[in-house]
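In what follows, a single structure is set out as structure tokens and then discussed.
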Amino acid sequence: MSKVYKIRKGKDIPLVGKATRQILGEIKSSTVALKPTDFKGLTPKLEVQAGDEVKAGDALFHVKSNPAIKFTSPVSGEVAEIVRGDRRAILEVRILADNEIKYKKFNVENASDKESIMAILLESGLWPCIIQRPFGTIANPEESPKAIHISTYNTAPLAADNSFLIEGDENAFQKGLDILTHLTTGVVHLNHNTRDEHSAIFTNCTNVQHNFFEGPHPAGLVGVQIHHIDAINKGDVVWTLNPQSVAYIGRLFLTGHADLSKVVAIAGSETSEQGYVRTMAGVQIENLLAGRVNDGNQRVISGDVLTGRHLNNDGYLGFYDNLITVIPEGDQYEFMGWLIPTYARPTISNSLPISKYLKKEFRANTNLHGEERAFVVSGQYEKVLPMDVLPVHLLKAILAQDLEAMENLGIFEIIEEDMALCEFVCTSKIEVQDIVRQGLELMEEEG
């Protein structure tokens, strides 16, 4: 029987510019890129060089420590450039895309057990769609998860509507769920929002355990959902996917090729029109936003405003992202802006109660309204983190590199996104997500 979980702690951040449920068009990009930086803890090793011809599904690079985990091209074409950074680290593999995509064919007809399914997922480059908890890294194919979780909705600011992303792709999504049941001896959990009027796309799915959640952000985060359904303890392994990744896997086993076409939301107060576009994974941001951004200095984010990455127009959409957000840069000086609320903006503070009623939605910018200062116990984090974790104590244990305290305080239960709201409300302007990642990497390194 399905259970309803009521999340009481948290905070919704209502911003202007949510994408409307309409397709604005289909966007093609002359170049696409696959970025090793999109994958946590990855040291890549190239399988191609500039000038090579590839098909969609051909390997571009693999994990250096585990060559079985491959990362494949989303399109066919020519390897145009290998972009490197400091110490020759690989930042991007850019592909000059063909007008018509040619796909590598994978033999999926006889894939009926865990081993054969895993082999196809690894070879096709879709294995990185599966994220492992703890640590929030690509799943280890040598481990078996106690459960698999998929959150069908997102409560982050201006988040894409997952039901609209999957609309028309329901058969592939169901096929993906069926495939995932072979990868765990436990349950595949499909987690829903009780108030989603379009949730029938997901609630009609079979072969899964349906769970329902209600409450403010971060109720839509899969980490919060796992915590309330069956918390992760030391030694546990849980795998997670987003709905589009499930559809990718379903398409692979329905068609025999890795089709990474996707629907992406364009949102934010500084876009001239908000909606969805059909495109391809790794598309160039300039093509997505052409003619859709207001004049002025704007911040373009691949993802949402809490966890996304700042990109330039010549940047490329993140592998896991289905949202581009555009907001004001916030580079204008505000006289005493750290002290006086000069305009209505999202806040959890009651220092100016009327600000909560000035607008239902806010046009927020990136201004910090202050600078980093002493990290003190304020009780703010606990108001917005609906998990049995002592967030400030955990962060200070990470800074002190106290492994035993980190473990006892719940490091195995969280990744960066789970504490992104803590960073938003932090009076001390602490880079919470960076600290969490440091702690996760330390724990993984120490085993």
| message | Looking at the chain, identify the longest residue range that excludes and avoids all GluC sites (Glu not before Pro) in DSSP loops having at most 10 other Cβ atoms within 10 Å. | response | 198-370
| query | Expressed as an acute angle from 0 to 90° and rounded to the nearest 10, what is the orientation of the C-alpha long axis of helix 114-124 relative to the principal long axis of the chain? | reply | 80
| query | With all protein chains present and a 1.4 Å probe, how do S76, S144 order by accessible area, largest first? | reply | S144, S76
| said: Can you give me the % of accessible surface on the chain that is carbon or sulfur? Probe 1.4 Å, all protein chains present, nothing else counted. | reply: 47
| request: Output the pairs from K70/K105; K114/K175; K64/K114 with a Cα-Cα distance over 18 Å in this structure; if there are none, say none. | output: K64/K114
| field | Gyration tensor (alpha-carbon) shape descriptor, region 223-270, a/c threshold 1.5 | value | oblate
| note | Taking Lys and Arg as +1 and Asp and Glu as -1, residues besides A139 with C-beta under 12 Å from its C-beta add up to 0
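For region 108-151, count all C-alpha to C-alpha pairs, find those more than 16 Å apart, and express that count as a whole percent of the total. The partial results should precede the final answer.
Details: 372 of 946 pairs.
When every Cα pair of region 108-151 is considered, 39 percent fall beyond 16 Å.
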| message | Output the 0 to 90 degree angle, nearest 10, between the alpha-carbon long axis of helix 243-255 and the longest principal axis computed from the alpha carbons of the chain. | response | 10
| Near T184, within a Cβ-to-Cβ distance under 10 Å, what is the net charge of the other residues, with Lys and Arg +1 and Asp and Glu -1? | +2
| said: Once you order the gyration tensor axes a ≥ b ≥ c over the Cα atoms, which shape class does region 282-326 get: rounded for a/c under 1.5, otherwise prolate or oblate by comparing a/b with b/c? | reply: oblate
| Got the relative contact order for region 106-199 handy, in percent, Cα pairs under 8 Å and 6 or more residues apart? | 30
| query | Given only helices, namely DSSP H runs of n ≥ 4 each adding -39500 (n - 2.57), what is the per-residue ellipticity at 222 nm of the chain, to the nearest 500 deg cm²/dmol? | reply | -6000 deg cm²/dmol
| message | Taking Cα extents along the principal axes in Å straight from the coordinates, which label in [x] 75, 51, 38; [y] 120, 91, 33; [z] 63, 49, 49 is the correct one? | response | [z]
| request: Compute the Cα gyration tensor for region 213-337, then decide on rounded, prolate or oblate, letting a ≥ b ≥ c be the square roots of its eigenvalues: rounded whenever a/c is under 1.5, prolate when a/b is larger than b/c in the other cases, and oblate in all that remain. | output: oblate
| Once both axes come from the Cα atoms, what is the angle between helix 432-446 and the longest principal axis of the chain, in degrees from 0 to 90, rounded to 10? | 50
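The values are calculated or read from the model by the stated rules, or taken from the named source; none is laboratory data. Not measured: the values here are computed from a predicted model. Backbone-built Cβ (ideal geometry, glycine too); neighbour counts: all protein chains shown. Areas reflect the complete protein model, heavy atoms only, side chains present, ligands, DNA and RNA absent. Shrake-Rupley method; radii C 1.70, N 1.55, O 1.52, S 1.80 Å.
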